[in-house]
Amino acid sequence: AYAMKLITLALIALGAGAAEAFAGTRASASRVTQSRASAAMTSPAPQSGTREVNGRTIVLPIFNEECAYTGITLTRYMIEFARANPGMVELESIFASIQTATKTISTLVRRSSMTGLTGLQGGGGSVNVQGEEQKKLDVITNDVLKNALKFSGKMGVLASEEEDAPVSMEEESKYGEPLKDKEVIFEEGNKYVAVFDPLDGSSNVDAGIPTGTIFGIFEEGDVTCFVDDDPDVSASEQECLAATLRPGNALIASGYVLYSSATEFVFTLGAGVQGFTLDETNGEFVLTHPDIQLPPRGKIYSLNEANRWSWDPPLRDYVTAIQKGEGESGVQYSARYIGSMVGDVHRTLLYGGIFAYAADAKNKNGKLRLLYEAAPMSFLIEQASGIAVTGLHRIMDIVPTNVHQRVPVIMGSSDDVKECMKYYEEAAKTDPDLKARCDARMAPAEPVTA
C-alpha cells in the first residue's frame with residue numbers, strides 16, 4: 001500500500017511537471033508567434049507599378065494584405081509575379097526549383113563538418129576546367145542545382161562553373177517526347193538558359209566562413225553572340241554555346257543565395273531587388289528586405305589587398321585616397337573583405353561602398369567569371385541603383401567569348417564607382433596598354449547567330 005501511495009504521488013508530480021512544461025512550451029510558442037507576427041508587420045510590402053527593362057514591361061506584383069504569421073513568402077511572391085506577368089509565368093517553376101536546391105545546399109553546407117563533406121573531392125587531384133581544385137561540396141552542390149533546374153522542365157541549356165561546357169537539356173523525356181517540344185507536353189512557351197556558380201567561396205567552407213550560390217536566367221531564342229572558332233566543336237555544340245554566350249543586358253533574372261548566420265535569397269526580375277530570409281521553422285523564404293537600394297555612397301571598400309602592388313595604378317591610387325580620407329567624400333574608408341563574392345557583395349548591397357576583384361599584373365582580366373558571376377551580380381547591383389564596371393566599361397555590355405571567360409569587376413554605390421572610374425579614365429589618357437585591354441573586352445571578333 002505504501003509503495004502504491006509513493007507511485008501515485010510520483011505520477012501526480014510528473015503530471016504537474018508535464019503540465020507546467022507544456023504550458024511553458026505553449027507560452028514560448030506564443031512568444032515566437034507574436035515575435036514573428038511583429039516582424040512581419042514591420043516589413044513593408046514591395047513597391048507596385050511597372051518598369052521598362054531591356055524592351056520589356058515588367059508589372060510589379062501587388063500585395064494588399066499578408067498573413068501576420070508567415071509574412072510574404074517567396075512562393076507567394078512568385079505566384080503574384082506570374083499573375084501580373086503572364087508572359088513570364090514559367091519563372092515561377094524555375095524559382096521553385098532554385099528554392100528547393102538552395103535549401104538543400106544550405107543544409108549540406110551547415111552539416112558538412114558532421115557528414116564528412118569537407119575537404120577536397122577524391123582526396124585531392126580533382127580539378128575543374130579553370131584549373132582549380134574541387135571541394136567535395138563543389139561537385140555535390142553542382143549536381144543538386146543542375147538536377148533541380150533540369151527537373152523543372154523549363155531549361156534548354158545549363159552552364160556552371162563546375163562544368164567544362166554548357167549542358168544541353170535536349171534529351172528524350174520519360175514520356176517519349178523530346179523535351180525541346182515541351183509545348184506539346186506541357187502547353188507552355190519559351191525555354192530558358194541558366195548560368196550559375198553552385199558554391200561561390202567554397203575554399204572557405206571548411207572554416208565555416210560564408211559561402212553562396214550565384215545564378216542568372218536568360219530566355220532561349222534567336223540571339224547574336226560570339227563563339228571561339230574551334231574546328232572540334234560540333235554544330236549542335238555551337239548552337240548550345242551560342243544560346244549560352246549572352247551579355248548581361250540579356251538577363252531576365254539573376255540573384256544569389258548567401259549561406260551564413262541566416263540563409264538569404266536576394267534576386268531581381270528586372271524590376272528592383274528583393275531580399276528573402278529562410279525561416280527554418282516552416283522552411284519558407286520570407287520577405288525581409290523589400291526594394292533594396294544601394295546608398296549613393298558608402299564608407300567601406302572590399303578588395304584583396306594582398307594584390308595591392310600588382311593592381312593597375314589607377315585602382316591603387318583610388319584605394320590609397322579613400323584610405324587616407326582624401327577621396328571626394330573626405331571620409332576615411334574602412335576595409336572589409338571575406339573572400340566570398342556573395343558575402344562581400346551582400347554587405348556592399350546593404351551598407352554601400354565598393355567591392356572589386358580587379359585586374360592585376362598576374363591576372364590581366366581579373367579572376368571572376370563573366371557569365372555566371374560578374375554579369376548576374378552586375379544586373380542585381382544595377383537594379384539596386386548601383387554601378388558595375390571593369391574599370392572603363394559597363395560589365396553588362398560585354399559579350400562572352402567563352403563560358404569561363406574572366407573579367408575585372410568593380411561594383412557598388414554609384415558615387416563610389418564613378419569616383420574610381422575617374423582614376424581609370426585619367427590613366428587611360430597616358431597608358432595605351434590599359435585602354436587597349438579595357439576596349440578589347442568590348443569588341444569580340446566574329447558574331448554567330450543561333
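Quick note: the coordinates plus some simple rules give every number you see, no bench work behind them. Computed from a predicted structure; not experimentally measured. Here Cβ is always computed from backbone atoms with ideal geometry, including for glycine, and neighbour counts include all displayed protein chains.
In debye, nearest 20: dipole of the stretch 242-349 around its Cα centre with unit charges on the Cβ of K, R (+) and D, E (-)?
In debye, rounded to 20, the stretch 242-349 gives about 340.
Taking amide H atoms as placed 1.01 Å from N in the peptide plane, the amide H of Val273 lies under 5 Å from those of Asp291, Ile292, each 5 or more residues away in sequence or on another chain. Among Lys136/Lys299; Lys146/Lys422; Lys103/Lys324; Lys103/Lys418; Lys136/Lys367, which pairs are too far apart, with a Cα-Cα distance over 32 Å? Flagged as over cut-off: Lys136/Lys299; Lys146/Lys422; Lys103/Lys324; Lys103/Lys418. Between amide H atoms placed 1.01 Å from N, distances below 5 Å from Ala358 occur with Val409, all of them 5 or more places distant or on a separate chain. Phi angles across the stretch 284-295 convert, under the Karplus curve 6.51 cos²θ - 1.76 cosθ + 1.60 with θ = phi - 60°, into 3J(HN,Hα) values of 10, 7, 10, 5, 10, 10, x, 6, 5, 10, 5, x Hz, Gly and Pro given as x.
The residues packed around Leu74, meaning those with a beta-carbon under 12 Å from its beta-carbon, carry a net charge of -3 if Lys and Arg are +1 and Asp and Glu are -1. Remark on Thr70: its backbone amide H falls under 5 Å from none of the residues 5 or more positions apart or on other chains, H modelled at 1.01 Å from N. By its C-alpha gyration tensor, with a ≥ b ≥ c as the square roots of the eigenvalues, how is the stretch 252-402 shaped: rounded for a/c under 1.5, else prolate for a/b larger than b/c, else oblate? Note, shape of the stretch 252-402 comes out prolate.
Determine the distance separating the Cα centre of the stretch 72-100 from the Cα centre of the stretch 289-358; give it in Å without decimals. After rounding, the separation between the Cα centres reads 34 Å. Converting phi to 3J(HN,Hα) with the Karplus coefficients 6.51, -1.76 and 1.60 and the offset θ = phi - 60°, the stretch 302-319 yields 10, 8, 7, 6, 5, 8, 3, 7, 9, 5, 4, x, x, 5, 4, 5, 5, 5 Hz in sequence order, with x at every glycine or proline.
Near Ile398: Cβ cut-off under 13 Å, other residues only, Lys/Arg at +1 and Asp/Glu at -1. The net charge is +3.
Hey, what's the Kirkwood Rh for the stretch 297-355 if you take every pair of different alpha carbons, in angstrom? List each step's numbers first, then the result.
Details: mean 1/r = 0.0853 Å⁻¹.
Kirkwood hydrodynamic radius for the stretch 297-355: 11.7 Å.
A simple count of charges around Val273, restricted to other residues whose Cβ falls under 14 Å of its Cβ and scoring Lys, Arg +1 and Asp, Glu -1, yields -2. Using θ = phi - 60° in the Karplus curve 6.51 cos²θ - 1.76 cosθ + 1.60, the 3J(HN,Hα) couplings for the stretch 64-75 round to 6, 8, 8, 6, 5, 9, 10, x, 8, 7, 5, 4 Hz; x is entered for Gly and Pro.
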